[in-house]
Amino acid sequence: MATWGGLINRYGLRMDISHSVEPVTLFEGNTPLIPAPRLGAKIVPGGHLYLKYEGLNPTGSFKDRGMTTAMTQAVADGAKTVICASTGNTAASAAAYAARAGLKCVVLVPDGKIALGKLAGAIAYGANVITVTGSFDDGLRMVREASERAPIALVNSVNPARLQGQKTAAWEVTEQLGKVPDWLCLPVGNAGNITAYWLGFCEDGEIRPRLLGAQAAGSAPIVLGKRVDNPDTRATAIRIGNPARWAEANTALKESNGTILAVTDHEIFDAYHMLAEIEGVFCEPSSATGVAGLYKSVQSGTVETEGKTFVCVLTGHGLKDPDSAVMKAPEMVTVPPDTDSLLKALDLATGANI
Ligand SMILES: *Cc1c(COP(=O)(O)O)cnc(C)c1O
């Protein structure tokens, strides 16, 4: 095939969704698997590190993989309106795919806890944005109930059609790497993504990676084994206290002989800055959580690195959360518009530093 036609075009035969309508697509998927040798030398000595850069999907996160299938199914089912609760990326993605399909879209987001770039997306794509004075978990409960009481289609990852799209990321990783990695590392929020990756790997063959899930310490229900009522983290995409796919995540972790751990916001932001500054790959803070979890597991001796291949899933683009990026801004120097001033400011005027 000469050009990329999106996930349903590429993998539709392996997706358990309706094929009675034209796919709703923005040509999502086919994101790069980027080798990260410099960061790898630091965090997985003797191993090989790759980054699955999901921020390059059409609306800037992996959610687009599941939205092409969920929205196509909604159209096939005759829906006129879709609804979701979201920490931001699902909202932006649902809004875009609903626009594409000509459906109305309602998104519920936690009041004041959504990154600017995500809100910008949802608004730009014309969604009806409702803010909830509560958490994502409250929002999810509300939209679940609303979709049972009114004729609106729910497009959260409790919708099985979402996983049918999201599982394709596992197949892409294996195709791009030419083999199944030893470890696949990713952030875990509502746990749809870890469930979908495991589904994808299991459908693809007998050789499967071990899964390494990472949660933010302030919202780590799966690690703690109990619900977190007031989840708290600056990694807002995984600020979730009661994951909808909790049981499936535990199954995936167990079957893959994997591990799940909590990392502090400090560790998340360390990984976030390393990715951008050492490899030039800018992801949102939540997306760096898998890297932070891997680094921590290697340091504590839980994960061996020698000769092993690691894929870290970077779930969303850094520009989604510009506030987190500029928080670290160094003191900026202002100069008048002449080159002498510039060289002076750079301390290069004498040539001493050149
Ligand atoms: C949705 C999201 C997650 C969490 O994925 P789950 O499927 O909810 O576990 C992580 N990172 C980003 C950027 C997301 O948008």
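The values are calculated or read from the model by the stated rules, or taken from the named source; none is laboratory data. Note that the structure is predicted; figures quoted are calculated from it, not measured. Note that each Cβ is placed from the backbone with ideal geometry, even for glycine, and that neighbours are counted across all protein chains shown. What goes into the accessible areas is simple: the full protein's heavy atoms, side chains included, and nothing from ligands, DNA or RNA. Shrake-Rupley method; radii C 1.70, N 1.55, O 1.52, S 1.80 Å.
Here are Ile278, Ile260, Ile268: which of them is crowded, with 24+ Cβ neighbours inside 10 Å and touching a helix residue (DSSP H, G or I) at 6+ places or on another chain (Cβ under 8 Å)? If you could, list the steps in order and put the result at the bottom.
On the way: Ile278 fails: crowded, with 24+ Cβ neighbours inside 10 Å; Ile260 fails: crowded, with 24+ Cβ neighbours inside 10 Å.
Result of the check over Ile278, Ile260, Ile268: Ile268.
Only one of these is under 16 Å from the mean Cα position of the chain (by Cα) and open to solvent by less than 10 Å² (accessible area, probe 1.4 Å): Thr315, Thr289, Thr309. Name it. It would help to see each step written out before you state the result.
Numbers: Thr315 fails: open to solvent by less than 10 Å² (accessible area, probe 1.4 Å); Thr309 fails: under 16 Å from the mean Cα position of the chain (by Cα).
Checking each option against the conditions leaves just Thr289.
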- Query: How about the range 152-189: which of its residues are open to solvent by less than 10 Å² (accessible area, probe 1.4 Å), within 12 Å of the ligand (Cβ to nearest atom) and aliphatic (A, V, I, L, M)?
  - Reply: Ala169, Leu186, Val188
- Message: Need a quick list: helices (runs of 4 or more DSSP H) entirely within the range 1-96 having at least 3 residues that are surrounded by fewer than 24 Cβ atoms within 10 Å (Cβ to Cβ).
- Response: 7-11, 37-43
- Query: Does at least one position in the range 64-82 carry a residue that is at pLDDT 95 or above, within 30 Å of Gly307 (Cα to Cα), within 20 Å of the chain's Cα centre (by Cα) and within 16 Å of the ligand (Cβ to nearest atom)?
  - Reply: no
- Just to be sure, is Gly241 among the small types (Gly, Ala, Ser) and near the ligand (Cβ under 10 Å from one of its atoms)? no
- Message: Considering only the range 235-246, I want to know if a residue exists there that is surrounded by 22 or more Cβ atoms within 10 Å (Cβ to Cβ), without any contact (Cβ under 8 Å) to a residue 40 or more places away in the chain and outside any loop (DSSP other than H, G, I, E, B).
- Response: no
